[in-house]
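Structure, as structure tokens:
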Amino acid sequence: MVDFAVGTLSDLSRMALLAQSDGGSFWLPPPESVSSWAVDNVFYYILYLSYFFFALIFAVLVLFVVRYRRRPGVEAVKTATHSTLLEAVWSLIPLGLVIIMFYAGFVGYVELRSPPEQAYEILVTARKWSWQFTYPDGTMATDLHVPVGEPVRLVMSSEDVIHSLSIPAFRVKMDVVPGRYTRTWFQAKQPGKFDLYCTEYCGTGHSDMLASVVVHQREAFDAWLVEAGDILGNSATPVEAGEKLFRLHGCGSCHSTDGTPRIGPTLKGIFGETHRFSDGSSLAVDENYVRQSINEPGAKIREGYKNQMPTYKGRLSNDEITALIQYLKSLDGG
Ligand SMILES: [Cu+2]
């Protein structure tokens, strides 16, 4: 018990020191976006104000308890009457303080809600339990890569429940809601790698809904974009490429690879199985069947499931479908 407490305390102070050494504080990570001040100003203003009034009120409390305590043989007498001056002072000073609070908050709100016109736009899709980032050229990624020193606008929506995208280093946090688009923006100050979290509880996998933000110099970003766009060329084997495509296209939100059924049937070990369809026909699963399932999901509906799979026709090339097939085959062992 004691060990635990000591360990936690020294961990905490080590964390605080670490945070301070790179420009952050005990409370906040280093400000890495050009709009960080908008959050930090209000936060520290409220924080120090709270420290001050906590100390003041507590000191007065102790003073009064000691000074005006009940003593034996001393009768309580009423000494003070109403003081308009005192009342005005303790109303107007707090009023001034909260007006400053409101003003700083409003200025910060405007800054955080109005991206510059020429911002670089990235589409964000949230789903249980992963992030998908889509770039203007169609490239998709599970981590958020951005160029340094340029405003980046995120246009976000969710495929299922409410999520929330949070990048503490950039002071960015915005709900991601099904059926509508929300947006946020930031401009990174220097290259580096930062954490991205889901901050709206969204089910059992919520705490795994993590990604990295990788800030590159512009040339490195362009190079990354080209490389990330060519999944087939940058994977050692078709199975590896297929696994990436499976993740990037969100197949896993409806299909498990471990045997458990979800919205769709599990895709583990389906090759060689004979599947029955809702029209009464049946078929042994082979490459052609899987290909058809991806391009025209409605053609054969697996018995016991609904026609809920979107078509990937036009979204996946021939070679990409082949890679997916190779990946699904590799799931057979066991
Ligand atoms: Cu989430």
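Tabulated data
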item: Flag if VAL239 is away from the ligand (no atom under 16 Å from the Cβ) and within 20 Å of VAL146 (Cβ to Cβ); result: no
item: Among (1) over 30 Å from VAL148 (Cα atoms); (2) modelled with pLDDT of 85 or more - the single one SER253 does not satisfy; result: (2)
item: Top-ranked residue of the range 182-224 - restricted to ones that are among the hydroxyl-bearing types (Ser, Thr, Tyr) and touching a helix residue (DSSP H, G or I) at 6+ places or on another chain (Cβ under 8 Å), ranked as surrounded by the fewest Cβ atoms within 10 Å (Cβ to Cβ); result: TYR197
item: Residue among ARG171, ARG153, ARG127, ARG113 that alone is within 21 Å of the chain's Cα centre (by Cα), within 24 Å of ILE231 (Cα to Cα) and of a type in the set (Lys, Arg); result: ARG127
item: Selection within the range 185-230 - of a type in the set (S, T, N, Q), more than 12 Å from the chain's Cα centre (by Cα) and within 16 Å of the ligand (Cβ to nearest atom); result: THR204
item: Only listed residue being assigned to a strand (DSSP E or B), surrounded by 14 or more Cβ atoms within 10 Å (Cβ to Cβ), more than 16 Å from the ligand (Cβ to nearest atom) and free of Cβ contacts under 8 Å to residues at least 60 places away in the same chain, chosen from LEU123, LEU165; result: LEU123
item: Any chance ASP160 is touching a helix residue (DSSP H, G or I) at 6+ places or on another chain (Cβ under 8 Å), of a type in the set (D, E, K, R) and away from the ligand (no atom under 16 Å from the Cβ); result: no
item: Residue within the range 35-55 that is exposed (fewer than 11 other Cβ atoms within 10 Å of the Cβ), modelled with pLDDT under 90 and in a helix (DSSP H, G or I) present; result: no
item: Set LEU283, LEU267: member being on the phi < 0 side of the Ramachandran plot, at pLDDT 90 or above, touching a Cys at 6+ places or on another chain (Cβ under 8 Å) and not charged (D, E, K, R); result: LEU267
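This table checks each residue for (1) within 30 Å of VAL42 (Cβ to Cβ); (2) under 56 Å from the mean Cα position of the chain (by Cα); (3) assigned to a loop (DSSP other than H, G, I, E, B).
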site	(1), (2), (3)
LEU63	no, yes, no
PRO72	no, no, yes
HIS82	no, yes, yes
SER91	yes, yes, no
PRO94	yes, yes, no
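The values are calculated or read from the model by the stated rules, or taken from the named source; none is laboratory data. Keep in mind that this is a model prediction, so the values were computed, not measured. Every residue, glycine among them, receives a Cβ derived from its backbone with ideal geometry; neighbour counts consider all protein chains shown.
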